[in-house]
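Report on the following structure.
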Amino acid sequence: MSGRHAEESATPGGGSTVEGTGPDRAAQAPVAQPDPEVSQPRTPETGRTGRPNEDVDAPLDHRPGVSGVATPGGGWRKADGPSAQKREGRKRKGGGRRGGGRDGDPTVGDADFQSYYGRQIVKSAVWKTPDVPLYLFLGGAAGSSAVLGAGAEFTGRPALARVAHLVAGGGAVASVGFLIHDLGRPERFLHMLRVFKPTSPLSVGSYILSPFSTAAGGAAALTLLGSVPAVRRSRGWLPRLVRSTGLRRTASVGAAAFGGPMAAYTAVLLANTATPSWHEPGNQLPFVFTGSALAAGGGICMALTPVDQAAPARRAAVVGAAVELAAMHKVEHDHGVVSEPFHIGRAGKLLRIAKACTAAGAVGATVVGGRRWGAAASGALLAAGSLLTRFGVFDAGMASSKDPKYVVIPQRERMAARAAAQEAPPTP
Amino acid sequence: MSQISSASPAFTGNDPENRLFGPLPDVTGEAGYEPDHPARVGFFTDTSVCIGCKACEVACKEWNTLPMDDADGNRDALGLSGMSYDNTGMLGANSWRHVAFVEQSREVDLPMPGIGLPAAPGQGAGSGGGCGGSCGSAETPSHAKADGVTIDQHSVLNAQALSSFDPQMAQSADREIRWLMSSDVCKHCTHAGCLDVCPTGALFRTEFGTVVVQDDICNGCGYCVPACPYGVIDQRKDDGRVFKCTMCYDRLTDGLQPACATACPTQSIQFGDLDELQARADARLATLTEQGVTTARLYGRDTDDGVGGAGAFFLLLDEPEVYGLPPDPVVTTRDLPSMWRHAAGAAAMLVGVALSGFLGRRR
């Protein structure tokens, strides 16, 4: 309908947003004076609306086929009185198209995306800080320590085994504590175990954490109890059982079996959300987290173990640090705008320090890890790097959920790519 | 007797196809209900007739006894958002309907005398002298010449003219103003992220195909909150549990319509069987398109979309993100199998690296 009158458009400034106005606007344009009274007598019925009658028949949009990112909806812009603009400037610094052009000009300042008053689209995770980042760190350190503990148990490294069991057990029990504390209804934590759902990483994680913390906590408890003088001397069956190598080894193997999944599942826990900066790098985050877990577990164990038994922990820590740095590099660079939160703000700062710590710790472990002070210093650096990585990744995700651009832009790009693929000639 | 499962259809063993993603014609049956379950119901929210009265919000709050909160979800706080007539702000634990207000303007070029069609200005000047009813007849030939249907459109009694009369639009100086109003609600997705990730089974699929939280099961883990691609479900901080629209499950079981649809004075919110609503929406879209509303589009109607089609879908007049909706939402669980595979690889890497350290030299 509107196309029929395109050539009749009598309005000046044909290149502006009302180009191709509706038929009646085109037809009436000459008679519609600035004074609206002029046109009303002509059609008294429409005059009842109290508005110029050219509006009556005007369709909502006069330009067919001009919807899209660049020129959405026929030039409609959010009405931007000065106060509105100021408000929005306060609310969101930078980003968004609203900082730019006045309404009616679809090109100027048309940065990249639209939003509803700059408000976030997806909800941010309600997980508490520092509970959850600490849980990510402790669970990882405990998971890799458990594997180291089992290895040490069977290769005659009692000092390393002792330290690894204690780190794994302590980390696991603390993890459970943090996880329960994070629940909105902590007294209902056992509800986690009333169903098993592979679609829920938290459900899967509950079935990893429960046996893991039981086994790792058991191995740690046996290690601790075994060194209590009264238990060591007593000849009763219970102290003998506590001292038995078999039971401790069984527990350590059990913990080691769940150690890998324990360190890896938390990455899926974060990635399987609509939070852009967690979801997009979902295939790399498990490697960041397990690498980070190796660096932390290996680092802590090597710092606390006599150097003549600490070599396996050292090697694990160095390799883990390398994996963490490599995977994190991909997370930070492979995902376009969604990678941005890893570079800016608090998350960016944390991750830069984390990288420095991890790299320094890995180099230190390689060069001076054979000496006690070197092992302690580089182990501490590796653990700090891992801890900061967890906080940084957590923060980056939270930041990405708060800004609608990280939701809208990738989805727009996805839609554009899909449209382009459809337009392309079908390949046989 | 089959078991009602709160797991995704992928793991109930009922459906070999589209288990995590894609169209799922009988989502209720896939959840484990017997074949004689009720038809899937839904909302069709036609924003082109929404007048922003917020009756839906009030009815929802009243029926579900939701507490007061401000635009940022702070409980028992009374606050103005300071951005528009929208002081609800967003969907959340205490707001299960949210009417978005978007005020838009565009410049219009005021028709000036002497510019335009050569023949017309004379007429314009003539009528500018304040003519009465004769003006209409004087101009008739001109309009008839311009377009045969124009005269008809000037009559308010004309059905087409009436239907294209738009109460959401007004003119102010050199600007046209329009208000977009849209009552947002939980989408009750075919593939619901919240339902997929809930570790306790508190979220479940009802016999009506909707998604509901059981508040006696929810332990407040909060996983569903960031999992929703629309940002609908949220935690009530002082309570600990999560809450969202139930599509008035209690009313549905008694044969009533949801409170919001009952209260809506313009039938912007329509409730009914989903397939019937979809047909109605398609017809409405066709009508609007025919009338030249080229920006009208259905949102959440397509069963091939990222959530397998929504149980509550919308007719929008602008891009979804203008209303605060994600333009191309995808259920997060679509990518979960790949994530699990990578996690398994990463876990194996950890074990391999840690144990291989024991192989080398003693020191």
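The values are calculated or read from the model by the stated rules, or taken from the named source; none is laboratory data. In this text, all values refer to a predicted model and were calculated from it rather than measured experimentally. Virtual Cβ from ideal backbone geometry, glycine too; neighbours counted across all protein chains shown.
Criterion first (facing chain B (nearest Cβ under 9 Å) and out of contact with any strand residue (DSSP E or B) (no Cβ under 7 Å at 6 or more places or on another chain)) does A:Ala263 satisfy it? Outline the logic, then answer.
Numbers: facing chain B (nearest Cβ under 9 Å): yes; out of contact with any strand residue (DSSP E or B) (no Cβ under 7 Å at 6 or more places or on another chain): yes.
When the stated conditions are applied, A:Ala263 passes them.
For the range A:304-325, a residue qualifies if it is within 15 Å of A:Arg372 (Cβ to Cβ), touching a Leu at 6+ places or on another chain (Cβ under 8 Å) and not hydroxyl-bearing (Ser, Thr, Tyr), and the qualifying residues are A:Gln309, A:Ala310, A:Ala313.
Residues in the range A:334-345 include none that are in contact with a Gly (Cβ under 6 Å, 6 or more places away or on another chain) and buried (at least 16 other Cβ atoms within 10 Å of the Cβ).
Residue count for the range A:190-200 satisfying the condition of being within 24 Å of the chain's Cα centre (by Cα) and under 23 Å from B:Lys237 (Cα atoms): 2. Looking only at the range A:167-184, decide whether some residue is more than 27 Å from B:Ser338 (Cα to Cα) and of a type in the set (S, T, N, Q). No, the range A:167-184 contains no residue that is more than 27 Å from B:Ser338 (Cα to Cα) and of a type in the set (S, T, N, Q). In the range B:49-65, is there at least one residue being crowded, with 20+ Cβ neighbours inside 10 Å, at negative phi, small (Gly, Ala, Ser) and touching a residue at least 60 places away in the same chain (Cβ under 8 Å)? Yes, the conditions are met somewhere in the range B:49-65.
The set of residues in the range A:252-284 that are among the hydroxyl-bearing types (Ser, Thr, Tyr), closer than 30 Å to B:Pro329 by Cα and in a helix (DSSP H, G or I) comprises A:Tyr265, A:Thr266, A:Ser277.
Look at A:Leu285 and say whether it is in contact with an Asp or Glu (Cβ under 9 Å, 6 or more places away or on another chain), under 19 Å from A:Leu388 (Cα atoms) and touching a residue at least 40 places away in the same chain (Cβ under 8 Å). When the stated conditions are applied, A:Leu285 does not pass them.
Among B:Ala279, B:Ala259, which is more than 14 Å from every other protein chain (Cβ to nearest Cβ) and within 27 Å of B:Ala227 (Cα to Cα)? It is B:Ala259. Taken over the range A:113-155, the residue count meeting the criterion of being modelled with pLDDT of 95 or more, over 18 Å from A:Gly260 (Cα atoms) and small (Gly, Ala, Ser) is 2. Within the range B:285-305, the only residue that satisfies the criterion of being assigned to a loop (DSSP other than H, G, I, E, B), away from chain A (no Cβ under 13 Å) and without any contact (Cβ under 8 Å) to a residue 60 or more places away in the chain is B:Arg301. For A:Ala365, the requirement of being buried (at least 22 other Cβ atoms within 10 Å of the Cβ) and farther than 22 Å from A:Leu269 by Cβ is met.
Scan the range B:19-57 for residues that are touching a Gly at 6+ places or on another chain (Cβ under 7 Å) and in a loop (DSSP other than H, G, I, E, B) and jot them down.
Taking the range B:19-57 and keeping what is touching a Gly at 6+ places or on another chain (Cβ under 7 Å), we get B:21-24, B:27-28, B:35, B:37, B:40-42.
B:Phe21, B:Gly22, B:Pro23, B:Leu24, B:Pro35, B:His37, B:Arg40 - these are the residues of the range B:19-57 that are touching a Gly at 6+ places or on another chain (Cβ under 7 Å) and in a loop (DSSP other than H, G, I, E, B).
If I filter the range B:336-346 for residues that are crowded, with 19+ Cβ neighbours inside 10 Å, touching a Phe, Trp or Tyr at 6+ places or on another chain (Cβ under 8 Å) and not in a helix (DSSP H, G or I), do I get at least one hit? No: zero hits. Only one of the numbered conditions (1) touching a Leu at 6+ places or on another chain (Cβ under 9 Å); (2) more than 7 Å from chain A (Cβ to nearest Cβ); (3) in contact (Cβ under 8 Å) with a residue 12 or more places away in the chain; (4) over 22 Å from A:Val195 (Cβ atoms) is violated by B:Gln214, and that is (4).
Would you confirm, using the coordinates I've provided, whether A:Ala317 is in contact with a helix residue (DSSP H, G or I) (Cβ under 7 Å, 6 or more places away or on another chain), surrounded by 20 or more Cβ atoms within 10 Å (Cβ to Cβ) and of a type outside the set (Asp, Glu)? Here the answer is yes, as A:Ala317 does meet what is asked. Among the numbered conditions (1) surrounded by fewer than 24 Cβ atoms within 10 Å (Cβ to Cβ); (2) without any contact (Cβ under 8 Å) to a residue 24 or more places away in the chain; (3) within 8 Å of another protein chain (Cβ to nearest Cβ), the only one that A:Val231 does not meet is (3). As a summary of the residue check, A:Ser115 satisfies the conditions (1) touching a Lys or Arg at 6+ places or on another chain (Cβ under 8 Å); (2) surrounded by fewer than 24 Cβ atoms within 10 Å (Cβ to Cβ); (3) not hydrophobic (A, V, I, L, M, F, W, C) except for the one numbered (2). Inspect the range B:311-323 for any residue being facing chain A (nearest Cβ under 9 Å), among the charged types (D, E, K, R) and surrounded by fewer than 21 Cβ atoms within 10 Å (Cβ to Cβ) and give the result as yes or no. No, the range B:311-323 has no match at all.
Quick check: anything in the range A:285-293 assigned to a helix (DSSP H, G or I), β-branched (Val, Ile, Thr), under 30 Å from B:Pro327 (Cβ atoms) and within 33 Å of the chain's Cα centre (by Cα)? Walk me through it before giving the result.
Taking the range A:285-293 and keeping what is assigned to a helix (DSSP H, G or I), we get A:285-293.
With the extra rule that they be β-branched (Val, Ile, Thr), the set shrinks to A:288, A:290.
Adding the requirement that they be under 30 Å from B:Pro327 (Cβ atoms) leaves A:288.
Next, from what is left, pick out any that are within 33 Å of the chain's Cα centre (by Cα): A:288.
Yes, there is a match, as at least one residue in the range A:285-293 is assigned to a helix (DSSP H, G or I), β-branched (Val, Ile, Thr), under 30 Å from B:Pro327 (Cβ atoms) and within 33 Å of the chain's Cα centre (by Cα).
Which members of the range B:191-211 meet the condition of being more than 8 Å from chain A (Cβ to nearest Cβ) and under 16 Å from A:Ala274 (Cβ atoms)?
The initial filter retains those residues of the range B:191-211 that are more than 8 Å from chain A (Cβ to nearest Cβ), namely B:191-192, B:194-195, B:203-211.
B:His191, B:Ala192, B:Cys194, B:Leu195, B:Leu203, B:Val211 - these are the residues of the range B:191-211 that are more than 8 Å from chain A (Cβ to nearest Cβ) and under 16 Å from A:Ala274 (Cβ atoms).
Does A:Tyr135 satisfy the condition of being facing another protein chain (nearest Cβ under 7 Å), touching a residue at least 40 places away in the same chain (Cβ under 8 Å) and buried (at least 24 other Cβ atoms within 10 Å of the Cβ)? First the steps, then the outcome.
Details: facing another protein chain (nearest Cβ under 7 Å): no; touching a residue at least 40 places away in the same chain (Cβ under 8 Å): yes; buried (at least 24 other Cβ atoms within 10 Å of the Cβ): yes.
Judged against the criteria, A:Tyr135 is not a match.
Restricting attention to the range B:66-83, the residues that are crowded, with 18+ Cβ neighbours inside 10 Å and over 19 Å from B:Lys244 (Cα atoms) add up to 2. Of all residues assigned to the range A:386-405, at least one qualifies as being without any contact (Cβ under 8 Å) to a residue 40 or more places away in the chain and either more than 20 Å from A:Arg352 (Cβ to Cβ) or out of contact with any Gly (no Cβ under 9 Å at 6 or more places or on another chain) (or both).
Among the residues of the range A:311-343, those identified as hydrophobic (A, V, I, L, M, F, W, C) and under 14 Å from the mean Cα position of the chain (by Cα) are A:Met328, A:Val331, A:Val337, A:Val338, A:Phe342.
Name the single residue, out of those in the range A:201-221 being farther than 30 Å from B:Lys237 by Cβ and surrounded by fewer than 23 Cβ atoms within 10 Å (Cβ to Cβ), that is farthest from the other protein chains (Cβ to nearest Cβ). Break it down into steps so the answer makes sense when it comes.
Taking the range A:201-221 and keeping what is farther than 30 Å from B:Lys237 by Cβ, we get A:211-212, A:214-221.
The next check asks that each one be surrounded by fewer than 23 Cβ atoms within 10 Å (Cβ to Cβ); those that pass are A:211, A:214, A:217-218, A:221.
Numbers: A:Pro211: 15, A:Thr214: 18, A:Gly217: 19, A:Gly218: 20, A:Ala221: 22 Å.
Residue satisfying both the conditions and the ranking: A:Ala221.
On inspection, B:Gly324 qualifies as at pLDDT 95 or above, of a type in the set (Gly, Ala, Ser) and within 20 Å of the chain's Cα centre (by Cα).
Conditions tested, residue by residue: (1) within 14 Å of chain A (Cβ to nearest Cβ); (2) at pLDDT 95 or above.
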{"position": "B:Val41", "(1), (2)": "no, yes"}
{"position": "B:Phe44", "(1), (2)": "no, yes"}
{"position": "B:Glu57", "(1), (2)": "no, yes"}
{"position": "B:Cys60", "(1), (2)": "no, yes"}
{"position": "B:Asp70", "(1), (2)": "yes, no"}
{"position": "B:Gly73", "(1), (2)": "yes, no"}
{"position": "B:Ala77", "(1), (2)": "no, no"}
{"position": "B:Gly89", "(1), (2)": "yes, no"}
{"position": "B:Gln104", "(1), (2)": "yes, no"}
